[in-house]
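J.: Before we start, here is the structure in question, set down as structure tokens.
The values are calculated or read from the model by the stated rules, or taken from the named source; none is laboratory data. A quick note: this is a predicted structure, and the numbers were derived from the prediction, not measured. Here the Cβ is made from the backbone with ideal geometry for all residues, glycine too, and neighbour counts use every protein chain on show. Keep in mind that these areas ignore ligands, DNA and RNA; they rest on the heavy atoms of the full protein, side chains included. Shrake-Rupley method; radii C 1.70, N 1.55, O 1.52, S 1.80 Å.
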Amino acid sequence: MTNPPMDALFFYGTLRYAPLLGLVLGRVPDLVDATLADHLVSWAEGESFPMIEGCAGATATGVLATGITAEDRARLDHYEGAFAYRLAQVEVRTGGGERVAAEVYLPDAAAWTAGARWSLGDWVRDWGLLTLEAAAEVMGLYGTETPESIAARFGMIRARAQSRLRSGAWHRPQTVGAGFTRADIALDRVDRPYTKFFAIEEYSARHRLFGGGLSAPVSRAVFRAADAVTVLPYDPERDRVLLIEQVRLGAYAHGDPAPWLLEPVAGIIDAGESEETTARREAQEEAGVQIGALHPVGRYYPSPGGVAQVLISYVGIADLPDDLPAIGGLDAEGEDIRSHLVSLDAALEMLTSGELAVAPLIISVQWLARHRETLRGGSLTA
């Protein structure tokens, strides 16, 4: 056995993926194939990453990275440190048969439950791009925030990452327009002065002009939020909808004298979650309602001049009896939500009077008014 090199790390999971390791370290170190005896790598049950545990007779496949510096370790601790990992010394065997002393990041044995055997190829296919997008934001906070503060909002970081990937795959019909693309914008600089549950990004860019050439540099601040789903529950038998009411600090900050607003059910799309799943989950959490068929209302930017977010709105068929819970929401998310059952005729009057002041609700009520008779006749399917 060689002398223990303090600069060697064994990676068995997602950091075996060279693009991710390079992003975390800012470089790709020397890597060789290696194995760790009596250990098994499995999917963490219900999660998008693997875990490793002792298992007699099993072999964990991975890579051995050498030439690891103190700066590399600090960057790895930043990326891994918030998720109950610790460094442990192990002995691995390289593809050439050499036994090498190295270190490995091991999880807290009680943190997760082992699921099926893990596959790097399956992970790259299903989670690789999202993980790279999220890791770029995490490593952008290196040296400015603790791993613990990042872990507290890691779900939102991943949701924002998924939102960017979703928008990148969104190909809208273009029957009117100049046909310009992202390639017609020259990005000079982007700064991120604030990154918490939401994020603020400051862009300096030049863009193609309709008359030809490039514009002068344009500076804009962008409010980044993860994509969200809204769903307006509708009972076609009773011809009524469910509206929720909750305080909105955005309206309060804007000087609104009555910042408790009427809205459809809404929620952020979690990473790995479909839009339809989010709609059904949020309806249950916020209003105690089971949604049947979901009818797409629209996919749209609420305010693209300064807000980087897409909303996906639905009308959801539901049974809305009089005895639905009046108060809903999750205590863990600080939600205090009141439900209101309103006839569709009354909702349309509220739309006309201006009582409905939230864009997704206005859009959804207008869509429902257009399709009301079809839904009541049962001929519009999901």
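J.: Tell me, which residue of the range 144-172 that is over 16 Å from ALA226 (Cβ atoms) and assigned to a helix (DSSP H, G or I) is most open to solvent (accessible area, probe 1.4 Å)?
T.: Restricting to residues being over 16 Å from ALA226 (Cβ atoms) and assigned to a helix (DSSP H, G or I), the top hit is GLU148.
J.: Between residues in the range 340-360 that are within 12 Å of LEU262 (Cβ to Cβ) and in contact (Cβ under 8 Å) with a residue 24 or more places away in the chain and residues that are in a strand (DSSP E or B) and among the small types (Gly, Ala, Ser), which pairs lie under 8 Å by C-beta distance while being six or more apart or on different chains?
T.: PRO360/ALA266; PRO360/SER313
J.: Also, I was wondering about something else. Does GLY121 count as at pLDDT 95 or above and under 21 Å from GLU273 (Cβ atoms)?
T.: On the way: at pLDDT 95 or above: yes; under 21 Å from GLU273 (Cβ atoms): no.
When the stated conditions are applied, GLY121 does not pass them.
J.: Moving on to the next point. Going by the conditions given, is ALA18 of a type in the set (A, V, I, L, M, F, W, C), within 24 Å of TRP127 (Cα to Cα) and surrounded by fewer than 19 Cβ atoms within 10 Å (Cβ to Cβ)?
T.: Values: of a type in the set (A, V, I, L, M, F, W, C): yes; within 24 Å of TRP127 (Cα to Cα): yes; surrounded by fewer than 19 Cβ atoms within 10 Å (Cβ to Cβ): yes.
Yes.
J.: Looking at ARG206, is it free of Cβ contacts under 8 Å to residues at least 60 places away in the same chain and in contact with a Pro (Cβ under 6 Å, 6 or more places away or on another chain)? Steps first, please.
T.: On the way: free of Cβ contacts under 8 Å to residues at least 60 places away in the same chain: yes; in contact with a Pro (Cβ under 6 Å, 6 or more places away or on another chain): yes.
It is true that ARG206 is free of Cβ contacts under 8 Å to residues at least 60 places away in the same chain and in contact with a Pro (Cβ under 6 Å, 6 or more places away or on another chain).
J.: Turning to a different aspect of this structure: Looking at TRP127, is it part of a helix (DSSP H, G or I), surrounded by 11 or more Cβ atoms within 10 Å (Cβ to Cβ) and not small (Gly, Ala, Ser)? Talk me through it step by step, then tell me what you get.
T.: Working: part of a helix (DSSP H, G or I): yes; surrounded by 11 or more Cβ atoms within 10 Å (Cβ to Cβ): yes; not small (Gly, Ala, Ser): yes.
Yes; evaluated as a whole, the condition is true for this residue.
J.: Search the range 75-124 for residues being touching a strand residue (DSSP E or B) at 6+ places or on another chain (Cβ under 8 Å) and among the hydroxyl-bearing types (Ser, Thr, Tyr), and hand back the single one that is surrounded by the fewest Cβ atoms within 10 Å (Cβ to Cβ).
T.: Filtering first and then ranking leaves THR113.
J.: Quick check: anything in the range 195-205 open to solvent by less than 60 Å² (accessible area, probe 1.4 Å), not basic (Lys, Arg) and not in a strand (DSSP E or B)?
T.: Checked the range 195-205: no residue is open to solvent by less than 60 Å² (accessible area, probe 1.4 Å), not basic (Lys, Arg) and not in a strand (DSSP E or B).
Conditions (1) open to solvent by 10 Å² or more (accessible area, probe 1.4 Å); (2) on the phi > 0 side of the Ramachandran plot; (3) among the aliphatic types (A, V, I, L, M); (4) not in a strand (DSSP E or B), marked per residue:
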| site | (1), (2), (3), (4) |
| --- | --- |
| VAL24 | no, no, yes, yes |
| ASP38 | yes, yes, no, no |
| SER42 | no, no, no, no |
| GLY46 | yes, yes, no, yes |
| GLY54 | yes, no, no, no |
| THR61 | yes, no, no, no |
| ARG73 | yes, no, no, yes |
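J.: Out of GLY57, GLY62, report the one residue that is of a type outside the set (S, T, N, Q) and either at pLDDT 95 or above or touching a Ser or Thr at 6+ places or on another chain (Cβ under 9 Å) (or both).
T.: Values: GLY57 fails: either at pLDDT 95 or above or touching a Ser or Thr at 6+ places or on another chain (Cβ under 9 Å) (or both).
Residue meeting the stated conditions: GLY62.
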